[in-house]
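Reviewing the structure listed below.
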Amino acid sequence: MIEVEHLSKIYGSTTAIEDVHFSVEAGEILGFLGPNGAGKTTTMRILAGYLPATTGTARVANYDVHKQSMEVRRRIGYLPETPPLYLDMTVEGFLHFVAKIKGVPAGDRSQKVIFAIKRCQLLERQKVMIRKLSKGYRQRVGIAQALVHEPPVIILDEPTIGLDPIQLIEVRNLIKSLAGERTIVLSTHILPEVSMTCDRVTIINRGKVVATNTPINLMKELSSSSGYEVEIEGDAAPVFSALQQISGVATVEVHRERASSASNRTLLQITCSDNAEPGKEIAATIVNLGLGLQEMRRTRPSLEDVFLHLTTEDLVVSTQEEN
Amino acid sequence: MIIANTIAIFQKELQGYFGSPLAYIVAAVFWLISGLFFVELLLGQEGIIQQVATSEQLGIATAPVDVVYLFLNSFFAVMGSLSLFILPILSMGLYAEERKRGTIELLATSPITNWVVALGKLLGVVAFFIVMILPLLIYEAIAFSAAKPPIPPVVPLLAHLGLILLATAILSLGMFISSLTDSSIIAAILTFALVLFLWIIDLIANNIGGEFGEALKHISLLESYNNLVQGIFDTSDLILLASYIFLGLFLTALSIETFRFSRQ
């Protein structure tokens, strides 16, 4: 549904994005994840046909976003970084206007507007001037304007910014409910959002794509850094050397400051070598030395670790080959 | 489709003016000043009727004077100048506000062309201006109904057409200036500067004479307006005014396109 190839955008002397490439299947939700200033908004704008790319191509529903802009515009709903709202219109009036300029036939307009209002839970605010709405409601009106003409492709630039935790869940559920019937690209810098709503993630850093995969696969990529967190009671020194003898244990670190407030406790962070499962041996060693094993917990890399790993070390993980 | 979209933008724009306190203030000031001039020019100490009466008493009047015609000329000369100073305030927000609010991103990613947006916006603001001059028709009707012999309807008709075309041309150029910035204030100031420039051109054209003066007269908006107000129907004046309107539309569509291309 969406194919982006070798996309670059250069503003004067600064390169906003470089050789960005990804594709989205019909009905899929792709998360576009990156720190602030990574080039997310630039990419979204190019996809929506608002900005032309310097080089490379982007195609939506097999139409080139630049050369066949009108065809693409008919097929997308777009929520820019700042929701494009006319403050002196009512919610309903604004959505009617958007439906009109998006080419919804007059007969279908009222029905589609009501549907979008219901879907974005704006029913009790539909007659209110947008000027009087809170930020969270304005954001929802922004999402409603991207949905109102029922486009096959929806591009959302930071859709959950400024929402309170309850609205956040509602909006995420709304986005999830669109999966299957609509193709969605959403950009965000919030990690949990991606693992909760997206089928696949493209991570972008400093204008370059550093990884594209499912959230689960991305975490697996870093499985080598899985390990254990162990809290023991007693002298840590003998345990420290004994643990390093166990096969499958890569490193052992002592974090006294992170242990529970009770005295005489030590927190050990153990990382394992690839695919090793030395949990049993670790427990046995501690118990055999006569120490109290207060807590033992398996640690797996979170998406956050993957993200930090990818965006701080400039490490390009080539996971784009998706058979 | 194009017409439907133009109407959509037009309605939105017009609705925006009726919902804006600034537009009402502008209209109120316009009505106040135009009303004052109307009364003053017609009935005041220096007014047309007084002047004619005085000259008849003194026996200076050699030929019969068409009071209505004289009044119409001087009133519309004032209306033209007044409009020049009111119009930049109406046109300043046309695009600057869209840019500031980010709604330009909605318009630019909707299946409508820049031309349609610009045309719809221009029609919207012109419609608001027409609403502004409607009350003037009432007192003109009252004054002219007393005229003997009655004034041929084509004269005031041409004068109003001239005023609307002059306003459309200024608004069109003002719209272009508004599309260059995201500050309404800067747009208003630059449009005022443009209006002053047009005024100076007209002054020079009427005062230096010679070939250069004649050439300037041909490109002066106010000159064409004055011709229409005097009841002189010349297609070249209409073409000039239409050219200015088209120029404004063209530059607006162009600037929106380039603005997207070069946006930082």
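The values are calculated or read from the model by the stated rules, or taken from the named source; none is laboratory data. Everything quoted here is computed from the prediction, not taken from an experiment. Methodologically, a virtual Cβ is constructed for each residue, glycine included, from the backbone with ideal geometry; neighbour enumeration extends over all protein chains shown.
Taking the stretch B:82-129 as the region of interest, how many residues are more than 9 Å from chain A (Cβ to nearest Cβ), out of contact with any Phe, Trp or Tyr (no Cβ under 8 Å at 6 or more places or on another chain) and either free of Cβ contacts under 8 Å to residues at least 60 places away in the same chain or in a loop (DSSP other than H, G, I, E, B) (or both)?
Count: 3.
Here is a check on your reading of the model: is B:Lys12 basic (Lys, Arg), at negative phi and either buried (at least 18 other Cβ atoms within 10 Å of the Cβ) or in contact with a His (Cβ under 6 Å, 6 or more places away or on another chain) (or both)? Let's see the steps before the verdict.
Working: basic (Lys, Arg): yes; at negative phi: yes; either buried (at least 18 other Cβ atoms within 10 Å of the Cβ) or in contact with a His (Cβ under 6 Å, 6 or more places away or on another chain) (or both): yes.
Considered against the rule, which asks whether it is basic (Lys, Arg), at negative phi and either buried (at least 18 other Cβ atoms within 10 Å of the Cβ) or in contact with a His (Cβ under 6 Å, 6 or more places away or on another chain) (or both), B:Lys12 comes out as yes.
For the stretch B:173-219, how many residues meet the condition of being closer than 19 Å to B:Ile86 by Cα and not polar (S, T, N, Q)?
First pass over the stretch B:173-219, keeping only residues closer than 19 Å to B:Ile86 by Cα: B:173-179, B:183-200, B:202.
From the residues that got through so far, the ones that are not polar (S, T, N, Q) too are B:173-177, B:185-190, B:192-200, B:202.
Within the stretch B:173-219, residues that are closer than 19 Å to B:Ile86 by Cα and not polar (S, T, N, Q) number 21.
Restrict the check to the stretch B:44-52 and report whether at least one residue is surrounded by 13 or more Cβ atoms within 10 Å (Cβ to Cβ), within 15 Å of B:Ser81 (Cα to Cα), among the aliphatic types (A, V, I, L, M) and more than 14 Å from chain A (Cβ to nearest Cβ). Write out each step before concluding.
Going residue by residue through the stretch B:44-52, those that are surrounded by 13 or more Cβ atoms within 10 Å (Cβ to Cβ) are B:44, B:47-52.
Filter once more, so that each one left must be within 15 Å of B:Ser81 (Cα to Cα): none.
No; the residues of the stretch B:44-52 include none that is surrounded by 13 or more Cβ atoms within 10 Å (Cβ to Cβ), within 15 Å of B:Ser81 (Cα to Cα), among the aliphatic types (A, V, I, L, M) and more than 14 Å from chain A (Cβ to nearest Cβ).
Residue by residue through the stretch B:5-29, note down the ones that are at the interface with chain A (Cβ under 7 Å from one of its Cβ atoms) and assigned to a helix (DSSP H, G or I).
B:Asn5, B:Ala8, B:Lys12, B:Gly16
With the structure loaded, tell me whether A:Leu51 is in contact with a Leu (Cβ under 9 Å, 6 or more places away or on another chain), in a loop (DSSP other than H, G, I, E, B), at the interface with chain B (Cβ under 10 Å from one of its Cβ atoms) and not charged (D, E, K, R) or whether it fails that test. Please lay out each step first, then the result.
Values: in contact with a Leu (Cβ under 9 Å, 6 or more places away or on another chain): no; in a loop (DSSP other than H, G, I, E, B): yes; at the interface with chain B (Cβ under 10 Å from one of its Cβ atoms): yes; not charged (D, E, K, R): yes.
Considered against the rule, which asks whether it is in contact with a Leu (Cβ under 9 Å, 6 or more places away or on another chain), in a loop (DSSP other than H, G, I, E, B), at the interface with chain B (Cβ under 10 Å from one of its Cβ atoms) and not charged (D, E, K, R), A:Leu51 comes out as no.
Which residues, taken from the stretch A:16-40, are at pLDDT 85 or above and surrounded by fewer than 20 Cβ atoms within 10 Å (Cβ to Cβ)?
Within the stretch A:16-40, A:Glu18, A:Asp19, A:His21, A:Ser23, A:Glu25, A:Ala26, A:Gly27, A:Glu28 qualify.
Report yes if some residue within the stretch A:115-124 is out of contact with any Pro (no Cβ under 8 Å at 6 or more places or on another chain), hydrophobic (A, V, I, L, M, F, W, C) and within 14 Å of chain B (Cβ to nearest Cβ); otherwise report no.
The answer is no; no qualifying residue exists.
Do we find that B:Gly162 is of a type in the set (Gly, Ala, Ser), touching a Phe, Trp or Tyr at 6+ places or on another chain (Cβ under 8 Å) and surrounded by 13 or more Cβ atoms within 10 Å (Cβ to Cβ) in this structure? If you could, list the steps in order and put the result at the bottom.
Details: of a type in the set (Gly, Ala, Ser): yes; touching a Phe, Trp or Tyr at 6+ places or on another chain (Cβ under 8 Å): yes; surrounded by 13 or more Cβ atoms within 10 Å (Cβ to Cβ): yes.
Considered against the rule, which asks whether it is of a type in the set (Gly, Ala, Ser), touching a Phe, Trp or Tyr at 6+ places or on another chain (Cβ under 8 Å) and surrounded by 13 or more Cβ atoms within 10 Å (Cβ to Cβ), B:Gly162 comes out as yes.
Kindly check whether there is at least one residue in the stretch A:21-43 that is in a helix (DSSP H, G or I) and within 11 Å of another protein chain (Cβ to nearest Cβ).
As a first pass, look at the stretch A:21-43 and keep what is in a helix (DSSP H, G or I): A:40-43.
Applying the additional criterion that residues be within 11 Å of another protein chain (Cβ to nearest Cβ) yields A:41-42.
For the stretch A:21-43, residues in a helix (DSSP H, G or I) and within 11 Å of another protein chain (Cβ to nearest Cβ): present.
Yes or no: A:Ile155 outside any strand (DSSP E or B) and either within 14 Å of chain B (Cβ to nearest Cβ) or surrounded by fewer than 16 Cβ atoms within 10 Å (Cβ to Cβ) (or both)? Break it down into steps so the answer makes sense when it comes.
On the way: outside any strand (DSSP E or B): no; either within 14 Å of chain B (Cβ to nearest Cβ) or surrounded by fewer than 16 Cβ atoms within 10 Å (Cβ to Cβ) (or both): yes.
No, not satisfied.
For the structure I just gave you, tell me whether A:Val91 is under 15 Å from A:Val128 (Cα atoms), crowded, with 24+ Cβ neighbours inside 10 Å and more than 7 Å from chain B (Cβ to nearest Cβ).
yes
Yes or no: B:Ala127 under 30 Å from B:Gln230 (Cβ atoms) and in contact with a helix residue (DSSP H, G or I) (Cβ under 7 Å, 6 or more places away or on another chain)?
Numbers: under 30 Å from B:Gln230 (Cβ atoms): yes; in contact with a helix residue (DSSP H, G or I) (Cβ under 7 Å, 6 or more places away or on another chain): yes.
Yes: the conditions hold for B:Ala127.
Taking helices (runs of 4 or more DSSP H) that fall entirely within the stretch A:69-135, which contain at least 3 residues that are under 28 Å from the mean Cα position of the chain (by Cα)? Walk me through how you get there before you give the answer.
Working: elements: A:69-75, A:91-101, A:106-119.
So the answer is A:69-75, A:106-119.
Among B:Ala77, B:Ala96, which is at pLDDT 90 or above, among the small types (Gly, Ala, Ser) and out of contact with any Gly (no Cβ under 8 Å at 6 or more places or on another chain)? Talk me through it step by step, then tell me what you get.
On the way: B:Ala77 fails: at pLDDT 90 or above.
The conditions single out B:Ala96.
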